[in-house]
Protein chains: 2
Amino acid sequence: MRVLGVDPGLTRCGVGVVEGVAGRPLTMVGVGVVRTPADAELSHRLLAVEEGIEQWLDEHRPEFVAVERVFSQHNVRTVMGTAQASAVAMLCAARRGIPVALHTPSEVKAAVTGSGRADKAQVGAMVTRLLRLAAPPKPADAADALALAICHIWRAPAQNRLRQAVAQNRLQQAVALHASKGRTT
Amino acid sequence: MRVLGVDPGLTRCGVGVVEGVAGRPLTMVGVGVVRTPADAELSHRLLAVEEGIEQWLDEHRPEFVAVERVFSQHNVRTVMGTAQASAVAMLCAARRGIPVALHTPSEVKAAVTGSGRADKAQVGAMVTRLLRLAAPPKPADAADALALAICHIWRAPAQNRLRQAVAQNRLQQAVALHASKGRTT
């Protein structure tokens, strides 16, 4: 599977494409940062993020897009821009029918380092090792985007099993409801 | 001038189009709400908001889009969705080259009621009176969208004067800098 990871932000939006399956060595397909000028109008910055994400989708045709889940508790000053950049990334994917998954920062850190409280350097080091890169991707937003994509590939089997279990459970409930209705009428 | 006001939200996104100029009676061109199902995936909800906004832009061809400025301080639980819906509205406008203005809730309330701390009922009553409607638009999000459009029309002359003053000041500074450079070389 090919996944585009997006570490959303208005000033720097990290993007990274990883290909592979859980349990096998992964390959980095591309990594970069979409930047927008801090002094531009907000609507123009969102448009620039959209153009950047569209280019990455056009060029790399990912099957999944993994975006960092934004929390309102952290970094109150920048969180609105982050939420808005993430909305643009999700929108671009949804328009193309590409499934979007959200992963929390601690899920991503736990997936690639084993600890949900790992620091940026540790995440960068593990991304470098897991993708067999010569050096950690810079800036940190680019490394975080790759970590998101890796996290998604590794979590996907578990998530698919969960989704199947939920779907099966709903089906069983529907069948049971149908059967009980059949009895009462 | 014709203005689309947007009161952003994922569950209910208020939209209202008002036409007119400051100092003259205003006319409501259209009002409504773009709704998305609360149980849908976030990316699909953003896509539904985009489709709704696009329809309003197609149908009413506004010259300006006025969006409520979202603050992270209020309603922490819903603020992320509001920020994301507002990003979609701004993006749709920017893609068409339509200027976007952000107004705070207290600016809007002060514009239509004279008080920045007016309640929903007061805003609804003034929107009804100013647009000469038979009854207050329902739900409140729809009335708020109209209030945003009215606020933008009334504030536009002052904002344009301010923008002109800033531009003129920059021009004078540039001329002065050029003149002083001319003297030293």
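Laid out as a table, the results:
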read-out: Residue check, A:Glu68 under 23 Å from B:Met80 (Cα atoms) and touching a Pro at 6+ places or on another chain (Cβ under 7 Å); value: yes
read-out: Options A:Val29, A:Val6: the member that is more than 14 Å from every other protein chain (Cβ to nearest Cβ), closer than 17 Å to A:Ile150 by Cβ and touching a helix residue (DSSP H, G or I) at 6+ places or on another chain (Cβ under 8 Å); value: A:Val29
read-out: Hey, B:Gly32 surrounded by fewer than 19 Cβ atoms within 10 Å (Cβ to Cβ) and touching a residue at least 40 places away in the same chain (Cβ under 8 Å) or not; value: yes
read-out: Selection from segment A:117-163 of residues that are polar (S, T, N, Q) and either closer than 22 Å to A:Glu63 by Cβ or touching a strand residue (DSSP E or B) at 6+ places or on another chain (Cβ under 7 Å) (or both); value: A:Gln159, A:Asn160
read-out: Check on A:Ala38, exposed (fewer than 15 other Cβ atoms within 10 Å of the Cβ), touching a residue at least 12 places away in the same chain (Cβ under 8 Å) and away from every other protein chain (no Cβ under 14 Å); value: yes
read-out: Test: A:Ala85 is farther than 18 Å from A:Glu50 by Cα, touching a residue at least 12 places away in the same chain (Cβ under 8 Å) and not β-branched (Val, Ile, Thr); value: no
read-out: Positions within segment A:126-136 being assigned to a helix (DSSP H, G or I) and touching a Ser or Thr at 6+ places or on another chain (Cβ under 8 Å), in sequence order; value: A:Met126
read-out: Flag if B:Ala143 is of a type outside the set (Ser, Thr, Tyr) and at pLDDT 75 or above; value: yes
read-out: Residues (in contact (Cβ under 8 Å) with a residue 60 or more places away in the chain and among the basic types (Lys, Arg)) located in segment B:112-169; value: B:Arg132
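Results for (1) within 13 Å of chain B (Cβ to nearest Cβ); (2) crowded, with 18+ Cβ neighbours inside 10 Å; (3) closer than 18 Å to A:Gly16 by Cα, shown as yes or no for each residue.
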position: A:Glu51; (1), (2), (3): yes, no, yes
position: A:Glu68; (1), (2), (3): yes, yes, yes
position: A:Phe71; (1), (2), (3): yes, no, no
position: A:Ser86; (1), (2), (3): yes, yes, yes
position: A:Leu91; (1), (2), (3): yes, yes, yes
position: A:Ala101; (1), (2), (3): yes, yes, yes
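The values are calculated or read from the model by the stated rules, or taken from the named source; none is laboratory data. Everything quoted here is computed from the prediction, not taken from an experiment. Cβ atoms come from the backbone with ideal geometry, glycine included; neighbour counts cover every protein chain shown.
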